[in-house]
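Inspection log for the structure reproduced underneath, given as C-alpha cells.
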Amino acid sequence: MSEALPDGVGVARAEHFDSVAQQRYAATLGIWAWLITELLLFAALFLVALITRIQHPEATVEAARHLKFWIGAVNTVVLICSSLTMSMAIEFSRMGWQRAMVRAMLATAALGALFLVFKGYEYYADYQEHMMPFLSGRPYELAQSPASRLFVNLYYVATSLHALHLFTGIAILLGMTWKAAKPGFLGRHQNWIEVYGLYWHFIDLVWILAFPILYVVNR
C-alpha cells in the first residue's frame, strides 16, 4: 500500500525482512501465487463442466433441472454481500477503526455460515430426490441417463470443494477476529486483514463463476 496509515496502524517488521514494505510485498505475492494455483484447479473443473454440456447437452440439461436455482441465486447474493463486508473490514483496518473492523469481520463470517446453511439444505434436498449417483446403496433418479452422472458428480466435486474452502475461510476468519479484537493488533498486524481479504474475495469469485456455469448455462 502506498498511502500513509494513521497512528497506531501498521506492521511489525519480522527479522528476515529488510523493511516493512518488503514484508508487505512478500505476503501479497505469496497469497496471490497460492490463489492462482487454486484458481487453476477450479478452472479445470469448470472447463470439464462446459465440455460435458457440449458433448451431452440433453443429459446435462436434464440433470441441471434438479439443481435448486433459487438457492444458487440466493447464495450468490449472500457471498457478494460478504465481499462487501470484508472490503469494509479492510478499509476500517486502514483507518484504525478497530471496533468497526471486528464487527465487519463477524458479519462476513456470519454471511459465509449462511451460505453453508443454504448449501447444506440443497444437498439434503438432492438426497431426498435421489440425485446422488455416487451413493451405491441409493437408486439414482436419472439412472436411464448415464451421461448425466458425469455432470452431477462434477457438480458435487466443484461445490463441495468450494464449500470446504469457505468453511476453512470462516474458521480462519473467526480466529483472526479473536486476535483482531485485542488492543494493539492493528499496530502490528494490519496487513493480515488485507492478505486474508484476498482469500475471501477468491472464494466469492469461484462461486460467481460456478453459479452461471453449473446453474444458469444448463437451464
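The values are calculated or read from the model by the stated rules, or taken from the named source; none is laboratory data. Model, not experiment: these values are computed from the prediction. Cβ sites come from the backbone with ideal geometry, for glycine too, and all protein chains shown count toward neighbours. Accessible surface is based on the protein model in full, side chains and every heavy atom, while ligands, DNA and RNA are left aside. Shrake-Rupley method; radii C 1.70, N 1.55, O 1.52, S 1.80 Å.
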Exercise for the section: Please list 127, 25 in order of solvent-accessible area, largest first, computed with a 1.4 Å probe with all protein chains present. Expected result: 25, 127
Fill in the blank from the handout: Length-normalised contact order of segment 66-111, Cα under 8 Å, at least 6 apart, in percent, tallies to 40
Handout entry: Cα-based helix-to-principal-axis angle, 146-180 vs the chain, degrees rounded to 10
Key = 20
Completion exercise
For segment 93-219, shape from the Cα gyration tensor axes a ≥ b ≥ c, cut at a/c of 1.5 then a/b versus b/c, turns out prolate
Problem - Cα-based Rg and Dmax for the chain, where Dmax is the largest Cα-Cα distance (Å) - result: 20.6, 67
Exercise for the section: For segment 51-151, count all C-alpha to C-alpha pairs, find those more than 23 Å apart, and express that count as a whole percent of the total. Expected result: 48
Completion exercise
Expressed per residue, the solvent accessible area of segment 72-219 in Å² (1.4 Å probe) is about 44
Practice task
Relative to the longest principal axis of the C-alpha atoms of the chain, give the angle of the C-alpha long axis of helix 69-95, reported between 0 and 90° and rounded to the nearest 10°.
Solution key: 10
Handout entry: residue 73/residue 157 FRET efficiency (R0 22 Å; Cβ-Cβ; nearest 0.05)
Key = 0.55
Practice task
Please check the chain for the longest run free of GluC sites (Glu not before Pro) that are loop-located per DSSP (anything but H, G, I, E, B) and have at most 10 other Cβ atoms within 10 Å.
Solution key: 16-219
Exercise for the section: Calculate, for residue 130 and residue 58, the FRET efficiency according to 1/(1 + (r/R0)^6) with r their C-beta to C-beta distance and R0 25 Å; round to the nearest 0.05. Expected result: 0.80
Handout entry: Inter-site label distance for residue 178 and residue 34 at 7 Å from Cα along Cβ, in nm
Key = 1.9
Exercise for the section: Give me the number: length gained by fully extending residue 198 to residue 118, i.e. 0.36 nm times residue separation minus the C-alpha to C-alpha distance, one decimal in nm. Expected result: 26.4 nm
Exercise for the section: Quick one: angle between helix 20-55 and the longest Cα principal axis of the chain, in degrees between 0 and 90, rounded to 10, please. Expected result: 10
Fill in the blank from the handout: Under the helix-only model (-39500 (n - 2.57) for each DSSP H run of 4 or more, divided by the residues of the chain), the mean residue ellipticity at 222 nm, to 500 deg cm²/dmol, is -26500 deg cm²/dmol
Handout entry: Under 22 Å from residue 68, Cα to Cα: lysines that are on another chain or at least 8 residues apart
Key = 119
Completion exercise
By the C-alpha gyration tensor axes a ≥ b ≥ c (rounded if a/c is under 1.5, else prolate when a/b exceeds b/c, else oblate), the shape of segment 34-101 is oblate
Completion exercise
Expected unfolding gain across residue 66-residue 106 under the 0.36 nm per residue rule, minus the alpha-carbon gap, is 11.0 nm
